[in-house]
Amino acid sequence: MRIILFGPPGCGKGTQASFISQFLSISHLSTGDMLRSAVSSKSEIGLKAKKIMEKGGLVSDEIVLSIVKERVSNNDCNKGFILDGFPRTVNQAEQLDMFLKEDQNIDCVLRIKVDEEEIIKRLIDRGRDDDKPEIIKNRFKSYNSETQPLIPFYEQREILFNINGMQEIEKVFADIKKVLGVF
Ligand code: B4P
């Protein structure tokens, strides 16, 4: 299966992607993790990404697309994959369609819905470098202006499924499994 996990910053995409990856034995591709690892290795891409991530903006489509394109072509993605945090712009989604092979169509987009107030609480508790109030505000701004337009994009294809993310982690996963059972 090829799945996209979609939702606002901190809604639990990474958390649920790990469960799904184990459950279906498919690869977990998190653009956030890939970018954080580029930042730690101080590579050229990492240095560019760091400045943007520190402010809560979106890293350029060019950088993100080059990373994902290479990763998706790895053999371990032949059985399927979960894209966690990608695409985040309509351009990323259109480019994804172009570089996926004919037999690699996306089966479903799981949209995790959580209120902004609840997310802010969770992120402050987590305390990652980019979980500071001012940066969280900017991450929401980027989400609202650049990522939200993906909702109608995937709704039109009838592959978008809403998941209530305002529940305990196990309950969110139980609801995801119900949706995955349809396929
Ligand atoms: P990401 O790494 O994708 O981070 P995220 O959206 O904040 O987190 P996620 O939704 O995975 O939340 P998590 O499960 O951790 O992005 C970070 C940055 O990378 C972006 O701001 C951007 O700069 C850059 N980036 C990434 N992808 C990009 C792209 N495609 N294009 C451009 N830039 C890109 O959960 C958060 C917390 O909530 C955790 O502490 C977790 O334990 C807790 N939690 C989860 N589910 C819960 C539940 N049900 N109840 C209570 N707590 C819960």
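The values are calculated or read from the model by the stated rules, or taken from the named source; none is laboratory data. Keep in mind it's a predicted model, so treat the numbers as computed, not measured. Using ideal geometry, Cβ is built from the backbone for each residue, glycine included, and neighbour counts are taken over all protein chains shown. For accessibility, only protein heavy atoms count, side chains too; no ligands or nucleic acids. Shrake-Rupley method; radii C 1.70, N 1.55, O 1.52, S 1.80 Å.
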Inter-label distance for residue 102 and residue 1, nm, one decimal - labels placed 7 Å from Cα along Cα-to-Cβ:
2.6
For the chain, what does -39500 (n - 2.57) per DSSP helix run (n ≥ 4), summed and divided by total residues, give at 222 nm, in deg cm²/dmol to the nearest 500?
-15500 deg cm²/dmol
Can you list the residues of the range 65-108 with backbone N under 11 Å from a point 7 Å past the Cα of residue 43, pointing along Cα to Cβ?
66-68, 70-71
Mind checking the full-extension length gain between residue 75 and residue 125? Use 0.36 nm per residue of separation minus the Cα-Cα distance, one decimal, nm.
14.3 nm
What distance in nm separates the simple spin-label points at residue 166 and residue 182, each placed 7 Å from Cα in the Cβ direction?
2.2
Sparse-neighbourhood loop hits (GluC sites (Glu not before Pro), the range 79-119; DSSP loop; Cβ within 10 Å at most 11 others) -> 102
Listed peptides 139-151, 6-18 by packing density, highest first (mean Cβ within 10 Å)
6-18, 139-151
Evaluated over the chain, the Cα radius of gyration and Dmax, each in Å:
15.6, 43
Could you check how much of the accessible area of the chain is carbon and sulfur, as a whole percent, using a 1.4 Å probe?
50
Exceeding 30 Å between C-alpha atoms, which entries from my cross-link table qualify? They are 42/69; 48/171; 50/79; 48/178.
48/171; 50/79; 48/178
Using unit Cβ charges (K, R positive; D, E negative) and no other charged atoms, how large, in debye to the nearest 20, is the dipole of the range 60-112 about its Cα centre?
140
Which far-off residues, 5 or more places away or on another chain, put their amide H under 5 Å from the one on residue 86, with H placed in the peptide plane?
5, 31
Could you give the length gained by full extension between residue 54 and residue 156, i.e. 0.36 nm per residue of separation minus their alpha carbon distance, to one decimal place?
33.3 nm
Taking only protein heavy atoms into account and a 1.4 Å probe, give the accessible area per residue of the chain in Å².
54
Test of understanding: what is the full-extension gain from residue 174 to residue 145, defined as 0.36 nm times their sequence separation minus their Cα-Cα distance?
7.4 nm
